[in-house]
Structures are given as structure tokens and as C-alpha cells.
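First the structure, in the form of C-alpha cells, and then the observations on it.
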């Protein structure tokens, strides 16, 4: 395959091998395509995960499982504290001090 590239693309592609990171222009293009493929794959995975979370929330709402903002904030704080305790980041007293501003 032969490609005719405009100078604004050809120049940076040809500069990369001289840096020593790539053997030739083919390696530069191969790496660029690998990075693009990885980025597109990551985006698809994130989109699917987000869609799944939205669906889960919708189903929860249909079951009457919604909670108001104040309660949701409290639940989130408790979950963060539980994770912190489980990971050994802080003790219960440290959490009480942090929340009370002591």
C-alpha cells in the first residue's frame, strides 16, 4: 500500500524514527493505530458500563428503591468510611475527628 501524506502529517511521522523510539515510519503508524484502537476500546467499555449503571438505577427506581439526596449523601459517607476502615486508612476516632472538625 502506498500513502500520499500531506507535509503536516509526513513531517512528524518522519521525525519519530530519528528519536530512537521507532525503527521507521511504519512503526510510528502501527503504534498510532494501536493507541487509537485501545482508546476506542476503552471508550466502548466505559459506555457499556455507564449504560449498565443507568439501567440498574432505572430498575431500582421502578421497584421504589430511590432515596432522597440527604439520605444518599449519608449513605455515601458511611460507605467511604467503611472502605477507609477496611483498608486501614483511618480508625473510627480519626473519622469522628475529621467530620466534627476537632
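Look at residue 47 and say whether it is surrounded by 10 or more Cβ atoms within 10 Å (Cβ to Cβ) and without any contact (Cβ under 8 Å) to a residue 60 or more places away in the chain. Against the criterion (surrounded by 10 or more Cβ atoms within 10 Å (Cβ to Cβ) and without any contact (Cβ under 8 Å) to a residue 60 or more places away in the chain), residue 47 qualifies. Confirm whether residue 49 is assigned to a helix (DSSP H, G or I) and out of contact with any helix residue (DSSP H, G or I) (no Cβ under 8 Å at 6 or more places or on another chain). Criteria met by residue 49. Figure legend. Inter-residue proximity from the stretch 16-30: first residues under 19 Å from residue 1 (Cα atoms), second residues at pLDDT below 90, beta-carbon distance below 9 Å, spacing 6+ or different chains. Indicated pairs: 27/21; 28/21; 29/3.
So, in the stretch 18-44, of the ones that are touching a helix residue (DSSP H, G or I) at 6+ places or on another chain (Cβ under 9 Å) and assigned to a helix (DSSP H, G or I), which residue ends up surrounded by the most Cβ atoms within 10 Å (Cβ to Cβ)? Among those residues, the one meeting the criterion is 28.
The values are calculated or read from the model by the stated rules, or taken from the named source; none is laboratory data. It should be emphasised that the depicted structure is a prediction, and the values quoted were computed from it without experimental measurement. Positions of Cβ are backbone-derived with ideal geometry, glycine not excepted, and every protein chain shown enters the neighbour counts.
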